[in-house]
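Q: After the structure tokens below, expect a handful of questions from me.
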């Protein structure tokens, strides 16, 4: 989903940067507030950031014969709500743009909008919907991570279609072309990412149960057990 | 406990299968990165990028090394946090001990 450096016309690059900036600033404030009010959250915040850091570094082969990487932004969105991931995701993108020539500074806004804003919100929305429909924590985590992954790549496809509409078929034709590159390849990877998220949260439900209860992910244990 | 371990093993196997099966059945496919394919499609339409990366790894080897570094840092931090959480949980008073039957 990394739009390469210089690959968006300047008006698009500026437009997406302006669109993403308020989310990132709001996200930075959300992180600071979380750490100040709940210092015990720092560990889990680190886990959420590290999860994205690992997953977005690993390119995996897919059934389409292309390879692509997961995003890992859904985990933090479920734990701390999406604004936190707007900051953490952008930090990951900045690292890759500066050190790996992957993505870029001119396309940072567009990439952040797809990876750190739309992905986490889509995942969080799917999680809330699943829980409202009676699903447990782990199924909710699965749909959240899979959808955050997929939504990021769909957004990238639409951003590119907007910037490079097809000469004959316009925006729609270009959208089909870029979705053909990104979306289909991403489906098995999104499923794999959902399963990885379930593995992570299976560990967290045991090791970090009090944190998950405080964050509202799990119902508190019955009072008599608390002593 | 054994059921819990079985589920964990099955989840790990499923993730591995999703990644390994394409390689096993379509070993001849190029597995080019989708990001690169999109860039190529854009350049085909006659567009030339107007900005260069400030820093680019000088070779494929250096680049994959830096990607490995990113994964290692992430994996290291994640492992540290999970270890800390587990240790904190174990040191907690008995009534807050984890229940493993979930």
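The values are calculated or read from the model by the stated rules, or taken from the named source; none is laboratory data. Remember, predicted model here, so these are calculated numbers, not experimental data. Cβ placement follows ideal geometry from the backbone for every residue including glycine, while neighbour counts extend to all protein chains displayed.
Q: Regarding residue B:32, is this residue at the interface with chain A (Cβ under 9 Å from one of its Cβ atoms), at pLDDT below 95 and within 30 Å of residue A:163 (Cα to Cα)?
A: Details: at the interface with chain A (Cβ under 9 Å from one of its Cβ atoms): yes; at pLDDT below 95: yes; within 30 Å of residue A:163 (Cα to Cα): yes.
Spelling it out, residue B:32 is indeed at the interface with chain A (Cβ under 9 Å from one of its Cβ atoms), at pLDDT below 95 and within 30 Å of residue A:163 (Cα to Cα).
Condition check ((1) within 11 Å of chain B (Cβ to nearest Cβ); (2) closer than 22 Å to residue A:8 by Cβ; (3) surrounded by 21 or more Cβ atoms within 10 Å (Cβ to Cβ)) across all residues:
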{"residue": "A:162", "(1), (2), (3)": "no, yes, no"}
{"residue": "A:166", "(1), (2), (3)": "yes, yes, no"}
{"residue": "A:185", "(1), (2), (3)": "yes, yes, yes"}
{"residue": "A:189", "(1), (2), (3)": "yes, no, yes"}
{"residue": "A:199", "(1), (2), (3)": "yes, no, no"}
{"residue": "A:203", "(1), (2), (3)": "yes, no, no"}
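Q: Okay, moving on. Give me a count of the residues in segment B:55-90 that are surrounded by 12 or more Cβ atoms within 10 Å (Cβ to Cβ) and either in a loop (DSSP other than H, G, I, E, B) or touching a helix residue (DSSP H, G or I) at 6+ places or on another chain (Cβ under 7 Å) (or both).
A: 16
To keep it simple, each residue is scored yes or no on (1) away from chain B (no Cβ under 14 Å); (2) on the phi > 0 side of the Ramachandran plot; (3) crowded, with 18+ Cβ neighbours inside 10 Å; (4) modelled with pLDDT under 95.
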position	(1), (2), (3), (4)
A:98	no, no, no, yes
A:102	no, no, yes, yes
A:107	no, no, yes, no
A:117	yes, no, yes, no
A:123	yes, no, yes, no
A:126	yes, no, yes, no
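Q: If residue A:132 passes every condition in (1) within 12 Å of chain B (Cβ to nearest Cβ); (2) at negative phi but one, which one does it miss?
A: Looking at each condition in turn, residue A:132 falls short on (1).
Q: Can you name every residue in segment A:45-67 that is within 7 Å of another protein chain (Cβ to nearest Cβ) and either assigned to a helix (DSSP H, G or I) or at pLDDT 95 or above (or both)?
A: Passing the criteria: A:46, A:47, A:50, A:51, A:53, A:54.
Q: Oh, and also: Confirm whether residue A:86 is crowded, with 24+ Cβ neighbours inside 10 Å, at pLDDT 95 or above, away from chain B (no Cβ under 12 Å) and in a helix (DSSP H, G or I).
A: When the stated conditions are applied, residue A:86 passes them.
Q: Right, something else. When both residues are 6+ apart or on different chains and their Cβ atoms are under 6 Å apart, which pairs have a first residue that lies in segment A:204-227 and is closer than 28 Å to residue B:79 by Cβ, and a second that is modelled with pLDDT under 90 and outside any loop (DSSP other than H, G, I, E, B)?
A: Pairs that qualify, where the first residue is closer than 28 Å to residue B:79 by Cβ and the partner is modelled with pLDDT under 90 and outside any loop (DSSP other than H, G, I, E, B), are A:207/B:89.
Q: Given the options A:52, A:71, name the one that is crowded, with 24+ Cβ neighbours inside 10 Å, free of Cβ contacts under 8 Å to residues at least 60 places away in the same chain and within 22 Å of residue B:64 (Cβ to Cβ).
A: So the residue among A:52, A:71 that is crowded, with 24+ Cβ neighbours inside 10 Å, free of Cβ contacts under 8 Å to residues at least 60 places away in the same chain and within 22 Å of residue B:64 (Cβ to Cβ) is A:52.
Q: Follow-up. When you go through B:46, B:65 one by one, which is the residue that is over 26 Å from the mean Cα position of the chain (by Cα) and more than 8 Å from chain A (Cβ to nearest Cβ)? Please lay out each step first, then the result.
A: On the way: B:65 fails: over 26 Å from the mean Cα position of the chain (by Cα).
Only one candidate passes the filter, namely B:46.
Q: Taking the conditions exactly as written (under 29 Å from residue A:177 (Cα atoms) and at pLDDT 90 or above), does residue B:80 satisfy them or not?
A: In short, no.
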